[in-house]
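The values are calculated or read from the model by the stated rules, or taken from the named source; none is laboratory data. What you see is a predicted model, and the numbers here were worked out from it, not measured in a lab. Glycine gets a Cβ as well: all are built from the backbone with ideal geometry, and neighbour counts include every protein chain shown.
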């Protein structure tokens with residue numbers, strides 16, 4: 001690698017290091033929502049970086065919705081919010097998660113359809129060969145910024161007329177109110193993936209940007225699976241949290257090809 005290549009790599013590393021440092025300050029509350037950051041010169045000196053590095057880091061934070069820039073003499077760079085925290089030990093709707101953290105939420109329905117399920121979905125929902133499913137794809141927004149792309153799949157025979165219902169709110173509440181079905185237990189798998197061109201377009205991130213993929217199967221009070229979903233959260237806007245009993249989380253490693261999966265034995269609560 002030539003000198004220019006090493007210089008470019010070093011600059012990217014400095015930008016990423018500063019980005020993480022500022023995010024830690026925002027997450028910890030040291031930089032609270034609404035606080036105005038200092039001017040570029042002072043911030044660059046404080047963090048020991050060039051103004052060019054600082055500008056790149058602030059641009060990334062602005063794209064993620066963590067800061068906002070206001071032009072003019074009375075403007076500046078202001079802290080918007082910390083990362084959205086997703087607690088996977090509790091099964092709750094995205095709107096309730098966002099509301100509890102001070103965000104306004106909105107939903108855009110991208111597509112709906114009734115179709116034959118893929119083999120993996122058929123297995124997760126314990127369906128027969130000819131059974132159909134209802135598929136709902138939506139974008140979730142936090143303060144008008146896309147935060148997640150979700151695809152929820154349900155057995156069509158169990159939820160007739162589902163697509164005729166309003167789908168902009170909590171699907172769990174809808175299933176409870178209309179079909180008297182509540183989640184009692186959920187199984188979730190979490191991994192980091194790269195955004196496809198389509199996913200990047202929906203979530204307003206760069207192609208190949210890191211996304212947090214959460215695959216979920218939800219079971220009703222009788223232990224029957226009724227939902228198989230796939231949620232893609234923006235990696236720059238989301239943090240995963242999990243609560244465990246006093247003894248901690250007991251895990252066992254399972255090899256699946258090149259993937260090492262850690263399965264926890266604690267049971268998640270549902271709200």
Inset, instruction - For residue 147, indicate whether it is touching a residue at least 60 places away in the same chain (Cβ under 8 Å) and over 25 Å from residue 178 (Cβ atoms). - result: yes
Inset, instruction - State the number of residues belonging to segment 109-150 that are closer than 30 Å to residue 68 by Cα and part of a loop (DSSP other than H, G, I, E, B). - result: 2
Inset, instruction - Looking only at segment 109-140, count how many residues are under 24 Å from residue 201 (Cα atoms) and in contact (Cβ under 8 Å) with a residue 60 or more places away in the chain. - result: 2
Legend entry - Looking only at segment 45-55, and only at residues there that are farther than 26 Å from residue 205 by Cα and in a helix (DSSP H, G or I), the one that is farthest from the chain's Cα centre (by Cα): 45
Inset, instruction - Go through (1) in a helix (DSSP H, G or I); (2) under 25 Å from the mean Cα position of the chain (by Cα) and name the single condition residue 41 misses. - result: (2)
Inset, instruction - For segment 32-49, enumerate the residues that are surrounded by 12 or more Cβ atoms within 10 Å (Cβ to Cβ), within 17 Å of residue 14 (Cβ to Cβ) and without any contact (Cβ under 8 Å) to a residue 12 or more places away in the chain. - result: 43, 44, 45
Inset, instruction - Looking only at segment 186-197, decide whether some residue is touching a helix residue (DSSP H, G or I) at 6+ places or on another chain (Cβ under 7 Å) and at pLDDT below 90. - result: no
Inset, instruction - Please determine, by comparing only the residues of segment 1-31 that are assigned to a loop (DSSP other than H, G, I, E, B) and exposed (fewer than 12 other Cβ atoms within 10 Å of the Cβ), which one is modelled with the highest pLDDT. - result: 30
Inset, instruction - Six or more apart or on different chains, Cβ under 6 Å: which pairs go from a residue in segment 210-230 that's on the phi > 0 side of the Ramachandran plot to one that's at pLDDT below 90 and crowded, with 16+ Cβ neighbours inside 10 Å? Could you list them? - result: none
Legend entry - Complete set of residues in segment 151-173 that are outside any loop (DSSP other than H, G, I, E, B) and at pLDDT 95 or above: 151, 152, 153, 154, 155, 162, 163, 164
Legend entry - Answer residue from segment 191-205, given it is touching a strand residue (DSSP E or B) at 6+ places or on another chain (Cβ under 7 Å) and outside any strand (DSSP E or B) and is surrounded by the fewest Cβ atoms within 10 Å (Cβ to Cβ) among those: 204
Inset, instruction - Read through the list (1) touching a strand residue (DSSP E or B) at 6+ places or on another chain (Cβ under 9 Å); (2) outside any strand (DSSP E or B), then give the number of the only condition that residue 215 fails. - result: (2)
Legend entry - Top-ranked residue in segment 71-94 [being more than 29 Å from residue 241 (Cα to Cα) and modelled with pLDDT under 80; ranked as surrounded by the most Cβ atoms within 10 Å (Cβ to Cβ)]: 75
